[in-house]
Amino acid sequence: MKIAISSPGDSGLFRSSRIPFQGTRETSVVQDADGRRIDLIHVSSLFRDEGLFVQLPRFLEKHFPGQEPVHLICHGASDGSEPFSVAMALLDRLPRDAAQKYMPIQARDLSDTVLEAPQQGRFSLSEREKYRYHEVGMKSPLTRFFIPTAADAGTRCLVTPELKQAVHFQVGDFVKDVQGTFPPRTVVFFRNAWYLLKDKSETIPRVTQALFQNLQPGSMVIIGTYRGDPEAGQALIRAGFVQSAREGPFSQVFIKPSDASKTRRRFWLF
């Protein structure tokens, strides 16, 4: 499906135009931790779940008060859309000093090919994404985070040094990485990619149990709303996590309680 959208201008550098939008879609072939071939289709965009990303800074500040570091790990990072969205929301909504305790975000993906562009500070910014950036209420000008590389302000952009320094990209396997111990105050993002796991009926319980065992109390897992994620949410609850909210964007957030008695509660209820 193609849609035509007119986006707000931004300091004259990102000019509005009506063009067909087809989304960001790339493919790559990788091997998982067991050496099995996986054909990946990378479909992503900035602020894909705008309700979560825009409200996330306030939510994290409430849950992680003080200046101690908070470790954000974003799996399935693809072209960088999701970790960039999180970083921009934090930098836009929080004072600079407060935002720095979350930086750099650790962004990981199975494919080194798809990570090449964001690692080098390159990003393709569609007209729809320019429009959404303003639509979700971002206060900073778009030029704070992206620099157009063509005189006609096309889709090819460079990421500004501020945003590039806020996210560190590396190859990583979610199933393998969850087997290690995490530092205190960690947030693991694994959104909209649970359906890619092999042998889900066995792998999802194994992964969620490993997350519960290896994350420190108070840490959290954030999933998405795409296919397969409801199954992952129930598995996280069975492993001992507490769902943050009954409905809304934070129903995707699952917290490891600080004491065993809280596991009897279904919802965290801030």
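Here is how the numbers come out for the structure above:
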{"item": "Pair list, Cβ under 8 Å, 6 or more apart: the stretch 207-233 residue touching a residue at least 60 places away in the same chain (Cβ under 8 Å), other residue of a type in the set (Asp, Glu) and surrounded by fewer than 21 Cβ atoms within 10 Å (Cβ to Cβ)", "result": "GLY224/ASP49; THR225/ASP49"}
{"item": "Output for the stretch 100-115, where each listed residue is hydrophobic (A, V, I, L, M, F, W, C) and surrounded by 19 or more Cβ atoms within 10 Å (Cβ to Cβ)", "result": "ILE105, ALA107, LEU110, VAL114, LEU115"}
{"item": "Filtered residues of the stretch 224-238 (kept if out of contact with any strand residue (DSSP E or B) (no Cβ under 7 Å at 6 or more places or on another chain) and either at pLDDT below 90 or of a type in the set (A, V, I, L, M, F, W, C) (or both))", "result": "GLY224, THR225, TYR226, ARG227, GLY228, ASP229, PRO230, GLU231, ALA232, ALA235"}
{"item": "Failed item in (1) assigned to a strand (DSSP E or B); (2) at pLDDT below 95, with LEU72 passing the rest", "result": "(2)"}
{"item": "Qualifying residue in the stretch 186-205 (condition: out of contact with any Pro (no Cβ under 6 Å at 6 or more places or on another chain), more than 18 Å from CYS74 (Cα to Cα), hydroxyl-bearing (Ser, Thr, Tyr) and touching a residue at least 12 places away in the same chain (Cβ under 8 Å))", "result": "yes"}
{"item": "Number of positions in the stretch 161-170 that are loosely packed, with under 14 Cβ neighbours inside 10 Å and outside any helix (DSSP H, G or I)", "result": "1"}
{"item": "In the stretch 147-159, residue modelled with the lowest pLDDT [restricted to those that are buried (at least 18 other Cβ atoms within 10 Å of the Cβ) and over 19 Å from the mean Cα position of the chain (by Cα)]", "result": "ALA153"}
{"item": "Scan of the stretch 64-99 for residues that are surrounded by fewer than 18 Cβ atoms within 10 Å (Cβ to Cβ) and either under 24 Å from ARG132 (Cβ atoms) or free of Cβ contacts under 8 Å to residues at least 40 places away in the same chain (or both), ordered by number", "result": "PRO65, GLY66, GLN67, LEU94, PRO95, ARG96, ASP97, ALA98"}
{"item": "Selection within the stretch 116-146 - of a type in the set (Phe, Trp, Tyr) and surrounded by fewer than 20 Cβ atoms within 10 Å (Cβ to Cβ)", "result": "TYR131"}
{"item": "Matching entry among PHE212, PHE169, PHE241, PHE182 (being modelled with pLDDT of 95 or more and under 23 Å from GLU50 (Cα atoms))", "result": "PHE169"}
{"item": "Residue within the stretch 224-244 that is surrounded by fewer than 17 Cβ atoms within 10 Å (Cβ to Cβ), touching a Lys or Arg at 6+ places or on another chain (Cβ under 6 Å) and of a type in the set (Phe, Trp, Tyr) present", "result": "no"}
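The rows are residues; the columns are (1) more than 12 Å from MET138 (Cα to Cα); (2) in a helix (DSSP H, G or I).
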| residue | (1), (2) |
| --- | --- |
| LEU52 | yes, yes |
| ARG58 | yes, yes |
| GLY66 | yes, no |
| MET88 | no, yes |
| ASP92 | no, yes |
| GLN106 | yes, no |
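For (1) closer than 20 Å to GLN106 by Cα; (2) outside any loop (DSSP other than H, G, I, E, B), each residue gets a yes or a no:
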site: VAL175; (1), (2): yes, yes
site: PHE182; (1), (2): yes, no
site: LYS198; (1), (2): no, no
site: ARG206; (1), (2): no, yes
site: ALA232; (1), (2): no, yes
site: PRO257; (1), (2): no, no
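The values are calculated or read from the model by the stated rules, or taken from the named source; none is laboratory data. Please read all numbers here as calculations on a predicted model, not as lab measurements. Reconstructed Cβ throughout: ideal geometry from the backbone, glycine too, with neighbour counts over all protein chains shown.
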